[in-house]
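Derivation of every value follows stated rules applied to the coordinates shown; laboratory data play no part. Predicted, not measured: the structure shown is a model, and the values here were computed from it. FYI the Cβ positions are ideal-geometry reconstructions off the backbone, even for glycines, and counts take in every protein chain you see.
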Amino acid sequence: MSRSDELFERARRVIPGGVNSPVRAFRAVGGTPPFIVRGAGATVFDADDNSYIDYVQSWGALILGHADRRVLDAIAVAAAKGTSFGAPTPGEVELAEALCAAVPSLEQVRLVSSGTEATMSAIRLARGFTARPKIVKFAGCYHGHADGLLARAGSGVATFALPDSAGVTEAEAAGTIVVPFNDLTAVEGAFGAAGDQIACVIVEPVAANMGVVPSAPGFLEGLRKLADAHGALLIFDEVITGFRLGRGGAQERLGVTPDLTCLGKIIGGGLPVGAFGGRADVMACLAPEGPVYQAGTLSGNPLAVAAGLAALRTLEAEPPYERLEALAARLCDGLSKAAHEAGAAVAINRVGSLFSVFFSAEPVTDYASASRQRTEEFARFFHAMLRRGIALAPSAFEGWFLGAAHTDADVERTIAAASEAFRQEGTSSRSRS
């Protein structure tokens, strides 16, 4: 029995499913997850002394790579002074200033401890500011595990959704209207039916939780106009895209400014942190200035703030975005060529350094088309890559994350591994036909 197998058995006795976040359990791809003991740059090492070129990168949080010395040094300096105070600190002011300077929509910002807290708080704020109860979200866009956001689309163009998780009440889910991503007509229908009750529209400007799905030309601009016309707020969930698609996030890259923005991942440098912010008049509704309550003992935690500041200052001083985009284009071109030569039908979506490989013969433009991909083939491809030392996210509905630590040699090795994995999958596919 491998060390990872042993650890997984122990974990399942004391942790539900053996993991602290469901996708890590490998249920979507089968097998036992490797237990990671350390990381360095673009590489992770498991408990059995295997190494992998890592395209998970803590689900996008580690744009500088694992164990970046600048981030580690900042954490060590902060930790030597104390790990938590429950009081204001200079560092949280500096991080808030850095975020407001970089992201177009941010006039004021509040720090929290996770992306889920950020989206949950932003929606509460939108409801408090507008005095309206309902929100619009998009099928396939994930905004954390708060009750009202775990709702799925039913039949029809705009559905008042049923819960998508046990423990979420129908009453809670009823406040969420779910419509198809990239479908402005559906959004218009939602506003036509309930416009005076809709507090906000929340969207990933580049969807990254159904796999990577770019917003269609004019879609975000259309959402901006519809929100303005009906007195609703527009919220961008940039937990993944923030500081990933550029220093100003997707909103700067795509030229659409929301009223509120949610951030996480990269702004914590690998430690737990989130943030939400936007227009000053909206943020003024937050306690202690306004009636919308939000609080957190570890909000603005000095270790997380120090790590985040180190990461953001490095990204400003040594911006990696042009190189990352070129590297991602090269990798995607190589993957596409390898799949074609192996006879594997795939669709690759990419925005900047964020991309996905779908086992699909059709373009993937929304959750419905993402759901038609051949997930069983992805699972075999995933394990074929893992055996060759390439770690991907263990789900067909996740993105690949490149970081500044990935090298040209890493990309070449990944393309070579994929060429073998695609050929293996192509042979397997043909044998079943």
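If every alpha-carbon in the stretch 69-317 counts as one equal scatterer, what log10 I(q)/I(0) does Debye give at q = 0.10 1/Å?
The Debye formula, applied to the Cα set alone, gives -0.46.
Let's test the formula: R0 of 45 Å, r as the Cβ-Cβ distance of residue 85 and residue 145. What FRET efficiency results, to the nearest 0.05? Walk me through the numbers before you get to the answer.
Working: r = 28 Å, r/R0 = 0.62.
Rounded to the nearest 0.05, the efficiency is 0.95.
Could you work out the relative contact order of the stretch 1-85, using alpha carbon pairs under 8 angstrom and six or more residues apart, expressed as a whole percent? Present the calculation step by step, with values, prior to reporting the outcome.
Values: 80 pairs, mean separation 16.8, N = 85.
In percent, rounded to a whole number, it is 20.
To the nearest 0.05, what FRET efficiency results for residue 2 and residue 69 with a Förster distance of 25 Å applied to their C-beta separation? Could you put the intermediate results ahead of the total?
Numbers: r = 31 Å, r/R0 = 1.24.
It comes to 0.20.
Could you work out the relative contact order of the chain, using alpha carbon pairs under 8 angstrom and six or more residues apart, expressed as a whole percent? Walk me through the numbers on the way to the answer.
Numbers: 883 pairs, mean separation 92.6, N = 433.
After rounding, I find 21 percent.
What is the calculated FRET efficiency for residue 229 to residue 193, with r their C-beta to C-beta distance and R₀ = 22 Å, to the nearest 0.05? Could you put the intermediate results ahead of the total?
Details: r = 15 Å, r/R0 = 0.67.
Efficiency, from the Cβ-Cβ distance: 0.90.
Report the label-to-label distance for residue 341 and residue 172 in nanometres (one decimal), using points 7 Å from each Cα along the Cα→Cβ vector.
About 5.1 nm, to one decimal.
Compute a Gaussian network model of the chain, connecting alpha carbons closer than 10 Å, and tell me which residue from 128, 60, 31 fluctuates the most.
31
What distance in nm lies between label points placed 7 Å from Cα along the C-beta direction at residue 32 and residue 376?
Each label point lies 7 Å from its Cα, and together they span 2.5 nm.
With an 8 Å Cα cut-off and a minimum separation of 6 or more residues, compute the relative contact order for the stretch 69-317 in percent.
Numbers: 521 pairs, mean separation 74.0, N = 249.
It comes to 30 percent, rounded to a whole number.
If exposed means no more than 15 neighbouring beta carbons inside 10 Å and the site is in a DSSP loop, what's the longest run of the chain without any exposed GluC sites (Glu not before Pro)?
Working: sites that count: 107, 289.
Answer from the scan: 108-288.
Note the full-extension length gain between residue 23 and residue 412 as 0.36 nm times their separation in residues minus their Cα-Cα distance, in nm to one decimal. Can you show the working numbers first?
Numbers: separation 389, 0.36 × 389 = 140.04 nm, distance 2.76 nm.
Answer, rounded to one decimal: 137.3 nm.
Given only helices, namely DSSP H runs of n ≥ 4 each adding -39500 (n - 2.57), what is the per-residue ellipticity at 222 nm of the chain, to the nearest 500 deg cm²/dmol? Let's see the in-between values first.
On the way: 14 runs with 172 residues, N = 433.
My calculation for the chain gives -12500 deg cm²/dmol from helical runs alone.
Once all Cα-Cα distances of the stretch 190-302 are split into 5 Å bins that start at 0, what whole-number percent is in each one?
Spelled out per bin, shortest first, that is 2, 11, 18, 21, 20, 16, 9, 3, 0, 0.
Modelled label-to-label distance, residue 287 and residue 388, 7 Å Cα→beta-carbon offset: nm?
Between residue 287 and residue 388, the label points sit 5.5 nm apart.
Evaluate Rg over Rh across the stretch 108-254, taking Cα atoms for both radii and Kirkwood's formula for Rh.
Details: Rg = 14.2 Å, Rh = 15.3 Å.
Taking Rg over the Kirkwood Rh, I get 0.93.
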